[in-house]
1. Show me the ranking of peptides 281-293, 87-99 by mean Cβ neighbours inside 10 Å, starting with the highest.
2. Sorted by average packing, counted as other Cβ atoms within 10 angstrom per residue and highest first, what order do 564-575, 396-407 take?
3. Residues of segment 118-228: accessible area per residue at 1.4 Å, in Å²?
4. For segment 204-253, what is the Kirkwood hydrodynamic radius in Å, using each pair of distinct C-alpha atoms?
5. Explain nothing, just compute: Karplus ³J(HN,Hα) = 6.51 cos²θ - 1.76 cosθ + 1.60, θ = phi - 60°, for every residue of segment 124-138 in order, whole Hz, x for Gly and Pro.
6. Say the dipole of segment 444-576 comes from +1 at the beta carbon of Lys and Arg and -1 at that of Asp and Glu; which of Thr514, Gln529, Leu554 then lies farthest toward its positive end?
7. If you roll a 1.4 Å probe over segment 218-287 with all protein chains in place, what percent of the accessible area is carbon or sulfur?
8. Considering only Ile179, Pro194, His221, whose Cα is most displaced toward the positive end of the charge dipole of segment 148-303, charges sitting on Cβ of Lys, Arg (+1) and Asp, Glu (-1)?
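The values are calculated or read from the model by the stated rules, or taken from the named source; none is laboratory data. A quick note: this is a predicted structure, and the numbers were derived from the prediction, not measured. Cβ sites come from the backbone with ideal geometry, for glycine too, and all protein chains shown count toward neighbours. These area figures cover heavy atoms from the full protein model, side chains too; ligands, DNA and RNA do not enter into them. Shrake-Rupley method; radii C 1.70, N 1.55, O 1.52, S 1.80 Å.
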Amino acid sequence: MNKYILSPIYLLIALWFAYLLCAPLLDPYLTYPLKPVDGSIYTIASATHNAYHLWRDGPILRLIGEVLQQLLAQPSKAYLLAEVFILFVSVYIFLFFKLPTDRRLLAAPGTLLLTCAVIILFGSDRVVLASISWFALLSVILDKLLNSQHSALLWKLLVVLAAPVSALATGPLALLLYILALLIALYSKEHSSPINTTVKLVLLTSGAIMFYTGIVFPAPHIPDYPFLAHVVPDDGLPGIITPLISSAPSIPFINRAGLKSIYFAPSLLLTLVALILLIILYNSNKATRDTLVILCLLAGNSLLDSLPAESIASIMPVAVIGRLLPGLFFIPLLPIFFSLAIIYFAELSLRSHIAVATVLPVFIAVLLATKAGEQPAAILQKQAPHSIYAASGAEERKIIASPSLNVILNEGIWAIKHRKRILSFRHLLKRRKIIRVYSSHHNNRKVLKKMFDSNPATRWSTALGRQIGGEWLHIYFKEPLKVGALKLDPGIYLADFPRGITVKTGDKCFHGRTKQMDRFKSYKTVYSQPNWQGPVQVTPEGYPYYGGQSDVTLYFSEPLTTSCLLVVQTGKHPKFEWSVAELQVELAQKRKRNRNRQQRPKRQSKIRRPPAS
C-alpha cells in the first residue's frame with residue numbers, strides 16, 4: 001500500500017494511543033489557574049520553579065478546547081488535551097518532513113513515543129507544550145521556504161500566516177522560537193544560493209510581528225513586597241538583575257536553585273550522549289550531521305545554564321537571551337531549550353540505528369537522575385497539591401496565582417487563611433517562672449537565663465563556632481499552654497540564625513537535663529523548614545512572603561496545646577554558630593492566672609472617741 005495512504009492511518013492509531021497514555025498524566029493543577037477565561041490573557045504561576053507571568057492561549061487551542069469540553073467527561077482537562085493534540089500534530093509534521101523519504105513511515109510511531117516522553121517529562125506545562133508545537137511548525141515552514149524553489153509562494157504564505165498565529169499562541173516566546181527556527185533553517189540550508197529579496201521581506205515582516213508581540217505583551221501584576229522580602233531561595237547574586245527592554249520585578253521570582261537541581265543531571269546526560277554520537281556519526285550524511293550539531297548546541301546551552309554557579313550562569317547565552325529579548329524575563333528559558341533538544345534527539349534516533357540504541361538507556365537514566373518516584377505526574381515538574389486550589393475561595397485563588405505560590409506550597413494554605421494572626425504577636429509569654437529551657441550544648445543555667453533578660457547583646461549559643469546539625473533546645477512549660485508561635489531572636493548576632501529548623505512536641509513531655517536525643521523519640525514533628533528562609537509575613541494585600549532570615553519567628557499552622565517544645569537546628573554552616581538572645585512564646589489566648597486565692601478580711605476602721613473633757 002502507498003506510504004501516503006498508510007501514514008494517515010498510522011497517525012490516527014498513534015494519536016489514539018497517545019490519548020490513552022497521556023490523559024492520566026495530565027495534571028490541571030501544575031499551573032494556576034486551571035483554564036483560561038474566554039481566551040483572554042491570564043496569570044500563570046508554576047508550582048515547579050515559581051515562574052509568574054501572563055499567558056494567552058491561541059485561537060486554534062481555544063477552538064479545539066471548546067470542542068473537547070463538550071465531548072469529554074473531564075472538562076477540566078479539555079484545554080490540556082487540546083494542547084497535546086496540537087503537540088502531536090506539530091511533531092508529526094516536523095518528523096515527516098525532516099526524515100528521509102524511506103523513513104517517513106516511522107514518523108507516526110516516533111510521534112507517539114515523543115509525545116508520551118514529553119508528557120512524562122514536562123507534564124501539563126503549557127509553556128513548554130506550546131513552545132515545542134509552534135517551534136516544530138515554524139522550523140518546517142522556514143526550512144521549506146529557504147530550500148524550496150518550485151512552490152516558494154505556498155511557503156511564503158504559510159510563513160505570513162504562521163507568524164501572527166504563533167505570536168497569539170506563545171506570546172513573548174514567539175520571537176525566540178522564530179529566531180531559533182530561522183537560524184537552524186539557515187544552518188541546514190541545502191544549497192548556497194542567495195536568498196531573494198521577497199523571502200527576506202517575508203522573514204523581516206514575520207520577525208517584526210513577533211517582536212511587536214513581545215513589546216506590547218503586558219507584564220503581570222507585581223505585589224508590593226517590602227524591602228528585603230523574598231519568595232524563593234537567594235541566588236547569591238548581589239542586587240537584582242534587570243532586563244534590557246521589559247519591566248523588572250522588585251524581587252526575584254524564579255526559583256533558580258530548584259530549577260538547576262532538576263535540569264542539571266538530564267542536561268549533562270543529554271549533552272554527553274550528543275557529543276559521543278557526534279564523534280561516531282560525524283562522517284554521516286549532511287542532514288544527520290546537522291541534526292547532531294543542533295542537538296549539541298541546544299543541550300549544551302541547557303547545561304551551561306544549569307551547571308555553573310549563578311554568577312557564571314547569569315552571563316551564559318540562555319540567561320543573556322532572557323534579558324535581551326522583550327517579555328522573556330519572567331519566563332525560565334532552561335525548560336524551553338531542553339525540550340527543543342529532546343525533539344532533535346528524537347529525530348536523530350529515527351535517522352540512525354546507533355542513536356536508537358541510546359534512547360532507552362537515556363530515558364531510564366533521566367528517570368533515575370530526577371527521582372521519578374517522588375514526582376509521578378511529571379519527572380521534570382513538581383506536583384502541586386490539589387487540595388490547595390480546591391479548598392480556596394476566589395480571593396484566595398488570586399493570591400495563589402502569584403509569586404507567593406512557592407511560600408504557600410512550602411508553608412501551607414494557612415499562610416493566607418490566617419494571615420491576620422501573622423501580622424503581630426498578641427499575647428506574649430516571656431516569664432522564666434513559667435518556662436524551663438534545657439539545651440544540648442552549653443547547658444548552663446546562668447547562660448540559659450540570658451534568653452529572658454531583654455538584652456539583645458547577651459545570648460545563649462552552642463559555643464561550637466559552627467553549625468553541625470542536631471543542636472537542640474527543649475522548652476518545658478509548667479502547665480499546658482496553647483502556643484501559636486515561637487520566636488528565637490539572635491539579637492545583635494544577626495548571622496547566628498539556624499540554617500535549618502524543626503520543632504517537635506509530645507504527649508508525654510520529658511522534664512529535666514539530658515544530652516540523649518533518645519529521650520525525645522516519641523515526639524512528633526509539628527514544624528519543619530530544612531532550609532530556613534525566614535518567617536512567613538504578609539503584605540497589606542494579603543500576599544505571603546519570607547522576611548529576613550535573622551528574624552527567627554516560627555508560626556504554627558494551627559495553635560498547639562502542649563507542655564513542651566523541642567527545637568532542633570538541622571542545618572550546617574562552617575563559620576556561624578546558633579545563638580538565641582531572646583526567647584518569646586506567642587499564646588493563642590491569654591493565660592488564665594490563678595485568682596482563687598483566699599481573700600484577706602477587711603480591716604475594721606477604728607472608732608475615734610472624743611477626748612475627755
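1. By packing density, highest mean first, the sequence is 87-99, 281-293.
2. Details: 564-575: 19.0, 396-407: 22.6.
Ranked from most to least packed, the peptides come out as 396-407, 564-575.
3. Working: 4770 Å² over 111 residues.
I get 43 Å² per residue for segment 118-228.
4. On the way: mean 1/r = 0.0747 Å⁻¹.
Every distinct Cα pair counted, the radius reaches 13.4 Å.
5. 3J(HN,Hα) across segment 124-138, in whole Hz: 9, 6, 5, 5, 5, 4, 5, 5, 4, 4, 7, 5, 4, 5, 4.
6. Thr514
7. Numbers: 2560 of 3740 Å².
Of all accessible area on segment 218-287, carbon and sulfur atoms account for 68 percent.
8. Pro194
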